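Chemist: One structure is given below, represented as structure tokens, and several questions about it will come after.
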Amino acid sequence: MQILVDADACPVKDEIYRVAVRHGVPTVVVSNSGMRLPGHPLITQAVVSDGFDAADDWIANAAGPKTLVITGDILLADRALKAGATVLAHNGRPFTANSIGAAIATRAIMADLRAGGDVIPGGQGAFSKADRARFLQAIDAALVQLRRS
């Protein structure tokens, strides 16, 4: 069992570290540049090139049935799901085989609207304490479920 973190824009790295250590799960933080990690043997880092999708490619290739992938990237989530991994967004929302198609379609529609010059009101709100709490509950539940399977 392992956790793979798409770390470059991840707002919950500290929470991941705490939960990983508590559960005794090896965790790999994947990024395009080095970052400060806690000094714990379960937490390691994979620094990849700054090439397009290098971190995503590394994570997708390492993902499998006993892997929890943490990412906000919908296309990476799709690749990880196809590899059999469990996938969580930074706000604790699970990506599943049933939800990923709609997420990809919505992403494509929004990209088309932006490309056409349309102003899209709203967008993602600021990351909140509720998002952080939801993430903590979700990662805990996901690790318990992975351990049981």
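What follows is calculated from the coordinates using simple rules that are stated; it is not laboratory data. Just so you know, these numbers come straight off a predicted model, no measurement behind them. Every residue, glycine as well, gets a Cβ built from its backbone with ideal geometry; the counts of neighbours run over all protein chains shown.
Chemist: Taking amide H positions as placed 1.01 Å from N in the peptide plane, with prolines and chain starts having none, which residues 5 or more places from Phe95, or on another chain, fall under 5 Å of its amide H?
Modeler: Correct list: Val87, Leu88, Ala89.
Chemist: What percentages make up the Cα-Cα pair-distance distribution of the range 1-102 when the bins are 5 Å wide from 0?
Modeler: 2, 14, 26, 27, 20, 8, 2, 0
Chemist: For the range 10-18, in order, what is each residue's ³J(HN,Hα) by Karplus, 6.51 cos²θ - 1.76 cosθ + 1.60 with θ = phi - 60°, in whole Hz (x at glycine and Pro)?
Modeler: 7, x, 10, 4, 4, 5, 4, 4, 4
Chemist: Moving on. For the pair Gln137 and Asp53, how long in nm is the line joining their label points, each one 7 Å along Cα→Cβ?
Modeler: In this crude label model, Gln137 to Asp53 measures out at 3.5 nm.
Chemist: Go through the range 93-98 residue by residue and turn each phi into a ³J(HN,Hα) via Karplus (6.51, -1.76, 1.60, θ = phi - 60°); whole Hz please, and just put x for glycine and proline.
Modeler: Ordered by residue, 3J(HN,Hα) equals 6, x, 8, 10, 4, 7 Hz.
Chemist: Take peptides 71-83, 41-53, 137-149 and line them up by average Cβ neighbours within 10 Å, highest first, as a rough protection proxy.
Modeler: Going by the mean number of other Cβ atoms within 10 Å, highest first, we get 71-83, 137-149, 41-53.
Chemist: Okay, next question. Skipping prolines and chain starts, which residues have an amide H placed within reach, meaning under 5 Å, of the one on Ile3, given they are 5 or more residues away or on another chain?
Modeler: Counting only residues 5 or more places away or on other chains, the set is Thr27, Val28, Leu68.
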